[in-house]
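Every number here is computed from the coordinates shown, using simple stated rules; none is lab data. Everything quoted here is computed from the prediction, not taken from an experiment. Cβ sites come from the backbone with ideal geometry, for glycine too, and all protein chains shown count toward neighbours.
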Amino acid sequence: MTQSENPVIRDDDDKLHEECGVVGVWNVTDAAAITALGLHALQHRGQEATGIVTHDGVRFHAHKGIGLVGDNYGDAKVMAGLPGTRAIGHNRYATTGATLLRNVQPLFAEFEFGGLAVGHNGNLTNAHTLKRALVRRGCLFQSTTDSEVFVHLIAISLYATVLDRLIDALKQVQGAYSLVALTNDMLIGVRDPLGVRPLILGRTHGADGSGPGWVLASESCALEMVGAEFVRDIEPGEIVAIDRGGVRSLKPFVPQKPRFCVFEYIYFARPDSIVDGMSVYAARKRIGSELAQESPVEADLIVPVPDSGVPAAMGYAERSGIPFELGIIRNHYVGRTFIEPTDQIRHLGVRLKHSANRPALEGKRVVLVDDSIVRGTTSKKIVEMVRAAGAREVHMRISSPPTTHSCFYGIDTPERGKLLAARNSEAEMAALIGVDSLAFISIDGLYRALGHQGRDAADPAYCDACFSGDYPIPLTDHAEPRDAQLSLLAELA
Ligand code: SF4
């Protein structure tokens, strides 16, 4: 196992963060290398730690490390220790500074039916409740990840086959998850019943010459990276079991109306991905166009807050007819630093990541386009920087509705009280950030940009809980009295 010592200065501290990306491959030459490349394409979904488990036909092999994919799998010795034609891999985003190696996925356990490695993207909303019951039954938890809940539920299941045990476990969990698992003779992919988190299936050349190779991944950009062809999205509530016989599809859950995470289109997914049948890049441009239609402003320039604001700013510029300019330049080499992140360095904040393009901004009325405002701290600094570079007016347009609620489905969000939009009106936010005007896309406008008539309040097409407070999956753990949660945490410590 390897462990990087380098500290990380996040380059997007004031954003919501995806908590994980997953990859699984079956019957491909150099499964570990293909998995590592797929994880590299999914690096935006988690930068703190990564792990790969392979199977060589006889036994499992594993590597887990803190840091980026490139920090871990650039070492030939590490790759030589991961032989086989089947693998699963995971990128992790952790909410605390110290990522414990024991929390890094995939998790691995030996059962009577053989070994099982599991990695997932998402969050279980009844994990604490299940953990309490499992601890009382004598289960010993070695990590604090929800994946270990799956492992224990599978261990105590009375069913005979691994698939039946997994289904038994999945029927007890609530939450949003996309899961990949590897057994001695099978690769498994699962998407939660509402399909909140994404998972796709791709096909590539088979290692044994007798059949295709298969790839599961959080996003299609991972398939592009490894030269695999997109086959389809795994359906909400679907389990795919891939073995020598090919791909089998199981649908053990009661069918429900899907509620895919709308924020994947706004910010999380990579713009070159196709998510649930829609180009993320095209969706973001349409959202920007809708925003221009809803909230026009007299200005000289449309300037994206890079990188995530770029497609929406292009859409806004096209619709408004105002020129698009790169008025803010992003430094791409900030994420990992050789400097200890002292308070003084942190104070430099936004200037480490973004700099104003003074010649473009001087004397201009500027519309800054960004994807979201979370705490508002970065927005305020960017506005100060753009004004200091000579902009005459600074307006801000946001390609998401106001983020008023926390996410409990696998996205790291500050508690509700820290969300700027939860505490302030639009006018108050404009004053706090220091802009001449501020507007967010409406929730109906967002739905229109994604091809709907608007938001059907009785039956929304997406999960949009961080904008609406309408949580489609019960928040069982959060309904517990606080002292019950604290006593559970003490039990688990
Ligand atoms: S609450 Fe927001 S970020 Fe979380 S899954 Fe729903 S739409 Fe996505």
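Tabulated results
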read-out	value
Prolate/oblate/rounded call for the chain, Cα gyration tensor, a/c under 1.5 rounded	prolate
From phi via Karplus (6.51, -1.76, 1.60), per-residue ³J(HN,Hα) for region 161-176 in Hz, x at Gly/Pro	8, 5, 5, 5, 5, 5, 4, 4, 5, 5, 5, 9, 9, 10, x, 10
Simple Cβ-charge dipole of the chain, Lys/Arg +1 and Asp/Glu -1, about Cα centre, in debye nearest 20	260 debye
Length-normalised contact order of region 2-259 in % [C-alpha pairs under 8 Å, at least 6 apart]	20 percent
Segments 207-215, 170-178 sorted - mean Cβ within 10 Å per residue, highest first	170-178, 207-215
Anisotropy class of region 2-259 from Cα gyration tensor, a/c 1.5 cut	rounded
About the Cα centre, charge dipole magnitude for region 2-259 (Lys/Arg +1, Asp/Glu -1 at Cβ), debye	800 debye
Interchain or long-range residues, amide H under 5 Å from residue 408's placed H	none
Rounded to 5, the percent of DSSP beta bridges in the chain classed as antiparallel	80 percent
Inter-label distance, nm, simple model (7 Å from Cα along the C-beta direction), residue 140/residue 326	5.5 nm
Helix-only CD estimate at 222 nm, as mean residue ellipticity for the chain, using -39500 (n - 2.57) per DSSP H run (n ≥ 4)	-8000 deg cm²/dmol
Cut-off under 5 Å, modelled amide H: who pairs with residue 438 long-range	396
Using θ = phi - 60° and Karplus 6.51 cos²θ - 1.76 cosθ + 1.60, couplings along region 278-287 (whole Hz; Gly, Pro as x)	10, 5, 5, 4, 5, 4, 5, 5, 5, 5
Modelled FRET efficiency - R0 22 Å, residue 80 with residue 229, Cβ distances, 0.05 increments	0.15
Cα→Cβ-extended label distance, 7 Å offset, between residue 388 and residue 456, nm	5.0 nm
Potential lengthening between residue 478 and residue 307 on full extension [0.36 nm per residue; Cα-Cα distance subtracted]	58.2 nm
Efficiency of FRET from Cβ geometry, residue 133 and residue 56, R₀ 30 Å, rounded to 0.05	0.25
Ranked packing of 144-155, 273-284, 29-40, 226-237, most packed first, by mean Cβ within 10 Å	29-40, 144-155, 273-284, 226-237
Segments 372-385, 457-470 sorted - mean Cβ within 10 Å per residue, highest first	372-385, 457-470
Reachable lysines from residue 285, criterion Cα separation under 28 angstrom, eight or more residues apart if same chain	15, 257, 353, 364, 380, 381
Contact order normalised by residue count of the chain, Cα under 8 Å, 6+ apart, percent	15 percent
Partner lysines for residue 251 [C-alpha distance under 16 Å; skip if fewer than 8 residues away on the same chain]	171
For region 456-462, Karplus couplings with θ = phi - 60° (6.51, -1.76, 1.60), whole Hz, Gly/Pro x	7, 4, 7, 7, x, 7, 10
C-alpha long axis of helix 482-492 to longest principal axis of the chain, angle in °	50 degrees
